[in-house]
1. Tell me the residue from Tyr61, Tyr48, Tyr55 that is aromatic (Phe, Trp, Tyr), touching a Ser or Thr at 6+ places or on another chain (Cβ under 9 Å) and surrounded by 17 or more Cβ atoms within 10 Å (Cβ to Cβ), please.
2. Which ones in the range 328-344 are part of a loop (DSSP other than H, G, I, E, B) and of a type in the set (A, V, I, L, M, F, W, C)?
3. Name the residue, out of Thr188, Thr217, Thr196, that is β-branched (Val, Ile, Thr), within 19 Å of His50 (Cβ to Cβ) and either surrounded by fewer than 18 Cβ atoms within 10 Å (Cβ to Cβ) or modelled with pLDDT of 95 or more (or both).
4. Taking the condition of being open to solvent by 10 Å² or more (accessible area, probe 1.4 Å) and either among the hydroxyl-bearing types (Ser, Thr, Tyr) or out of contact with any Phe, Trp or Tyr (no Cβ under 7 Å at 6 or more places or on another chain) (or both), how many residues in the range 85-119 meet it?
5. I need the full set of residues from the range 15-55 which are of a type outside the set (Ser, Thr, Tyr), at negative phi and out of contact with any helix residue (DSSP H, G or I) (no Cβ under 9 Å at 6 or more places or on another chain), in order please.
6. Looking at the structure I just gave you, is Glu81 in a helix (DSSP H, G or I) and open to solvent by 30 Å² or more (accessible area, probe 1.4 Å)?
7. Output the number of residues of the range 295-311 satisfying the condition of being free of Cβ contacts under 8 Å to residues at least 12 places away in the same chain and in a helix (DSSP H, G or I).
8. Within the range 315-322, is even one residue small (Gly, Ala, Ser) and buried (at least 19 other Cβ atoms within 10 Å of the Cβ)?
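The values are calculated or read from the model by the stated rules, or taken from the named source; none is laboratory data. These numbers were taken from a predicted model, which means no experiment stands behind them. For neighbour counting, all protein chains shown are included, and Cβ atoms are generated from backbone atoms with ideal geometry for every residue, glycine included. When the accessible area is computed, the model is the full protein with side chains, heavy atoms only, and any ligands, DNA or RNA have been set aside. Shrake-Rupley method; radii C 1.70, N 1.55, O 1.52, S 1.80 Å.
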Amino acid sequence: MNRNETPYSQLKIFYHPEILEHLLNGERCVPVYIRIKPTNKCNHNCNYCHYRNSYLDLDEYDPNDEIPREKMLETVACMKELGVKAVTFSGGGEPLLYPYIEETFEEVLDAGIDLSIITNGSLLKGKRAELLAKAKWVRISIESVNDDEYCKIRGIKKGSFDDLCENITRFAEIKEKYCELGVNMVVTQDNHSQVTEMGRLMKKLGANHVKYSPMCTNDTYGYHESFKDEVSEALSKLQKELNDDHFRIIDLYTGDFSDSVIFERQYKECPLKEFICGIGANSKVYFCQDKAYLSDGCIGDLKTTTFTELWKSEKTTELFRSFDARTICKQHCVHDSRNELINSFLKMDRNHINFI
């Protein structure tokens, strides 16, 4: 399946011509999309966790950090004021553990901002689930279809996988039709033989898609070399078996696998930073989620200002102007291929644009 036929399309920027106009003119933009990590606390202890076992030195990460309630509500108000269109709550930790998450969801929905979340799904029930039923998408991270292995990977009590499956089934029944319920499986040496069973089970439970992506390490190619062809072949067969109008197998493993070995940017300009950003549980703002908790990716600290004031400040403008992705972004970048695409558009010879 073509990636651009899925919710993970690289082409979504072209639905925002006003942003492209700003970029063409070299102007600052207001954020379209923000990723917020409300808390770094987690009820799971995954053995592959990016935040606890990262190949990067996350020098600004503290597992006890949490955005204060008043600062969170203030930030949502700033998002509404600026015209932010969408927000995703993610980790850090488990976002549904955040003590003010229900109130935050309500404020986001009332502000007319598109809502989404990345969660382990263990708390996807009750009022949290009722509010998220109105979200644009909910994505649950799952690594195994075997309870013993799932619980071992996540450091949690046995039987938790069955509870998770029940949460997924119930949420699929109550969510609005426009809410895309997805599952993300990070493919590893330990679970790569389960990709087929994962797809079949999640379709049965009522999910709308399963997205497969590779485990990233400091030697991603070597890590996957012995089984990557087997996984890609299995996913191709699974797409033919399961894809229909209501369910899709999304293979970002094959494409992302190639991209994930790239730790150097080939361009100076990062267009994505102009209209997206991340906010950590430490109340600091970062260029994007891949720079979260890295001091060289920090834009500023909301403990001393509001999000609106920070984003519009001259200091931030100067920081953006001096940004050089070739020196700052030497890690896996989820936006790399999108930046390549947008940079190609921005640098196109405009003298010949009508000769389509």
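1. Details: Tyr48 fails: surrounded by 17 or more Cβ atoms within 10 Å (Cβ to Cβ); Tyr55 fails: surrounded by 17 or more Cβ atoms within 10 Å (Cβ to Cβ).
Checking each option against the conditions leaves just Tyr61.
2. Step one: list which residues in the range 328-344 are part of a loop (DSSP other than H, G, I, E, B), which gives 329-335.
Those that are part of a loop (DSSP other than H, G, I, E, B) and of a type in the set (A, V, I, L, M, F, W, C): Cys329, Cys333, Val334.
3. Values: Thr188 fails: either surrounded by fewer than 18 Cβ atoms within 10 Å (Cβ to Cβ) or modelled with pLDDT of 95 or more (or both); Thr196 fails: within 19 Å of His50 (Cβ to Cβ).
Exactly one of Thr188, Thr217, Thr196 is β-branched (Val, Ile, Thr), within 19 Å of His50 (Cβ to Cβ) and either surrounded by fewer than 18 Cβ atoms within 10 Å (Cβ to Cβ) or modelled with pLDDT of 95 or more (or both), namely Thr217.
4. Residues in the range 85-119 being open to solvent by 10 Å² or more (accessible area, probe 1.4 Å) and either among the hydroxyl-bearing types (Ser, Thr, Tyr) or out of contact with any Phe, Trp or Tyr (no Cβ under 7 Å at 6 or more places or on another chain) (or both): 14 in total.
5. Passing the criteria: His16, Pro17, Glu18, Glu21, Asn25, Asn40, Cys49, His50, Arg52, Asn53.
6. yes
7. Qualifying residue count, the range 295-311: 1.
8. no
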